[in-house]
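The values are calculated or read from the model by the stated rules, or taken from the named source; none is laboratory data. Quick caveat: nothing in here was measured; it's all calculated off a predicted structure. Here the Cβ positions follow ideal geometry from the backbone for every residue, glycine too, while neighbour counts run over all protein chains shown.
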Amino acid sequence: MSPEATDFLYPFIENEETDAVSLLTDLAASAEGKWRQSTELRNATLAALDGDIRAAGTAMAERVLAGGQVFTMGNGGSATDAEAFARLCTRPPAGIPVAARSLVVDQAVLTALSNDVSFEVVFSRQLIAFARENDVVVGFSTSGNSDNLMMAYAEARKRRLLTVGMAGYDGGRMGASPDVAHCLTVRSDSVHRIQESQSAVAHALWDAMQTELRQKGAAA
Amino acid sequence: MTTTSPISPLARSADPAIGDLASDLARASLALARRFYAGGTLWCASPTWPFHSHHVAVEFVHPVIMGKRALPAVTVPPDEDLLATLRTTARTGDIILAVAPADDAAVAAVMRRGDAWGVETVWIGTGPRPPAGAAKHVLWLGTDDPLEASEQFVRVYHLLWELAHVCFEHRGLLKPDVCLDDVCITCSDEGRPAEVLAVLGDEALVRTAEGRESVDTSIIDPPSPGDLLLVHAGTAIRNLDDVAAPGEQR
């Protein structure tokens, strides 16, 4: 092993430690504690956002019934959440499939826009190209501050799209912006715990949309 | 609000138990940290849910906590032949992690080659459990609901990252000469698993955790490339694919 391979390790006090049992016990206890925290945050978040989730899901269903489709966006782990939500819409385990697409998946488009203009425009420029009346934009961010999301929301509002966002911490810029009509904020300061609850919120949002689609579809 | 029923898209438990998963996660995290410490790469695959493998890889490459070291983690593109890709790219000392149901034949085929390839295997999933020994580390969820499972997968790999970084603070346990297994294949006189690369008469060129070697196959039926053999003292003593489960991808 080269010496560089160990550079990332911290200054050690336990260099001679050879008994893994106590570490494994500590790790398992830590996992249990974090698991419980994640459950508690999820339950508190779903309860606090219940009305907001229903309102956003209902508004999304109205757009979808009027012929709109759903665009999703996010960066890093949130990009994968955006992809997951788009797939849930198009290929649901039950319920009505809804047209949806992640704006993160096309490498040619992402690199073209980033290289030729800037990374801030990667989502807004795609909305200019793709968005039509009645479409919906759902963005995922843990900070609520991503520049490329904020630019996309401004563009979306200008084009009268429905704007929905998942944020964390105190909501950040997404929570304060009039460009985000429905901001669903997971109030935590742990990025991991925020993402875990956002996953549950996204599923609840999808369910609220499905409920409305069923009711309106049955009435129509 | 027009309805009073709670939003419940899922058969979502108000308090899902972590159960044995906590200690399974602890062992997997330490194994992961040891492999990274020795220079290994983490290969992530999720043919059914590609966004999960991308999420795992980005956690390790670009940690959310400032100051944590970027670690080599790579997503295997979902449109690639998983077995063919990993057979070529995964090297001794690496880790293969999959988020997949137990009936994913491609994932099963990769996981059962872990010992022959010299890689650590981690299988995260839900629904019916894969058979015992299907992977070195099986991190399985108790829920049958696909959406609740998806939420819990995110927890599982977040915890894997968090606990692995705790392990980096315990350098003494990361040293390669500390043997944590109950039965260590390299220390014992057991047969070692090997994957056939090519067959030449009564000999086969095979891959084992120690590298490529030539073994005598005269006491077993002629094997085929891709078969898993048990090798002892330079001789193939059993073809493990002769007893493979029906329908399993070879």
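A few points about this structure:
- Any hit, segment B:115-122, residues being within 14 Å of another protein chain (Cβ to nearest Cβ) and of a type in the set (D, E, K, R): no
- Positions within segment B:213-233 being part of a strand (DSSP E or B), surrounded by 14 or more Cβ atoms within 10 Å (Cβ to Cβ) and without any contact (Cβ under 8 Å) to a residue 24 or more places away in the chain, in sequence order: B:Glu213, B:Val215, B:Asp216
- Residue ID - nearest to the other protein chains (Cβ to nearest Cβ), chosen from residues in segment A:98-122 that are more than 19 Å from the chain's Cα centre (by Cα) and assigned to a loop (DSSP other than H, G, I, E, B): A:Ser118
- Boolean, A:Gly175 is touching a Ser or Thr at 6+ places or on another chain (Cβ under 6 Å) and surrounded by fewer than 24 Cβ atoms within 10 Å (Cβ to Cβ): yes
- Which listed residue is modelled with pLDDT of 95 or more, more than 11 Å from chain A (Cβ to nearest Cβ) and within 30 Å of A:Gly95 (Cα to Cα), from B:Val99, B:Val56: B:Val99
- Sole residue being over 29 Å from B:Glu162 (Cβ atoms), away from chain B (no Cβ under 14 Å), part of a loop (DSSP other than H, G, I, E, B) and not β-branched (Val, Ile, Thr), chosen from A:Arg125, A:Arg132, A:Arg157: A:Arg132
- Look at segment B:13-37: where a residue is within 9 Å of chain A (Cβ to nearest Cβ) and more than 26 Å from A:Arg42 (Cα to Cα) and a partner is buried (at least 22 other Cβ atoms within 10 Å of the Cβ) and modelled with pLDDT under 95, sitting 6+ places away or on another chain with Cβ atoms under 6 Å, you get B:Tyr37/B:Leu174.
- A:Ser197 vs. criteria more than 14 Å from A:Ala56 (Cβ to Cβ), within 12 Å of chain B (Cβ to nearest Cβ) and touching a strand residue (DSSP E or B) at 6+ places or on another chain (Cβ under 9 Å): yes
- Residue pairs whose Cβ atoms lie under 8 Å apart, separated by 6 or more positions or on different chains, with the first residue in segment A:119-140 and among the polar types (S, T, N, Q) and the second surrounded by fewer than 16 Cβ atoms within 10 Å (Cβ to Cβ) and assigned to a loop (DSSP other than H, G, I, E, B), are A:Asn134/A:Ala66; A:Asn134/A:Gly67.
- Scanning segment B:48-74 for residues that are buried (at least 20 other Cβ atoms within 10 Å of the Cβ) and touching a residue at least 24 places away in the same chain (Cβ under 8 Å) yields B:Trp49, B:Pro50, B:His52, B:Ser53, B:His55, B:Val56, B:Glu59, B:Phe60, B:Leu71, B:Ala73.
- Any chance B:Val138 is aliphatic (A, V, I, L, M), crowded, with 24+ Cβ neighbours inside 10 Å and touching a residue at least 24 places away in the same chain (Cβ under 8 Å): no
- Pairs meeting the criteria (first residue in segment A:15-36 and without any contact (Cβ under 8 Å) to a residue 60 or more places away in the chain, second residue loosely packed, with under 12 Cβ neighbours inside 10 Å, beta carbons under 9 Å, at least 6 apart or on different chains) are A:Arg36/B:Asp15.
- A:Glu4 falls short of the stated requirement of being modelled with pLDDT under 90, buried (at least 16 other Cβ atoms within 10 Å of the Cβ) and not basic (Lys, Arg).
- Only residues that are small (Gly, Ala, Ser) and in contact with a Lys or Arg (Cβ under 6 Å, 6 or more places away or on another chain) were counted in segment A:89-143, giving 1.
- Flag for A:Gly95 being outside any loop (DSSP other than H, G, I, E, B) and surrounded by fewer than 17 Cβ atoms within 10 Å (Cβ to Cβ): no
- Any hit, segment A:21-38, residues being among the β-branched types (Val, Ile, Thr) and at pLDDT below 95: yes
- Whichever residue in segment A:49-90 is more than 11 Å from chain B (Cβ to nearest Cβ) and among the charged types (D, E, K, R) and, among such residues, is surrounded by the fewest Cβ atoms within 10 Å (Cβ to Cβ): A:Glu62
- Taken over segment B:75-93, residues that are within 14 Å of chain A (Cβ to nearest Cβ), acidic (Asp, Glu) and in contact (Cβ under 8 Å) with a residue 12 or more places away in the chain amount to 0.
- Condition broken by A:His192, with the remaining ones in (1) closer than 22 Å to A:Phe119 by Cβ; (2) touching a helix residue (DSSP H, G or I) at 6+ places or on another chain (Cβ under 8 Å) satisfied: (1)
- Segment B:56-79, residues that are assigned to a loop (DSSP other than H, G, I, E, B) and either closer than 19 Å to A:Thr80 by Cα or aliphatic (A, V, I, L, M) (or both): B:His62, B:Pro63, B:Val64, B:Ile65, B:Met66, B:Ala70, B:Leu71, B:Pro72, B:Val76, B:Pro77, B:Pro78, B:Asp79
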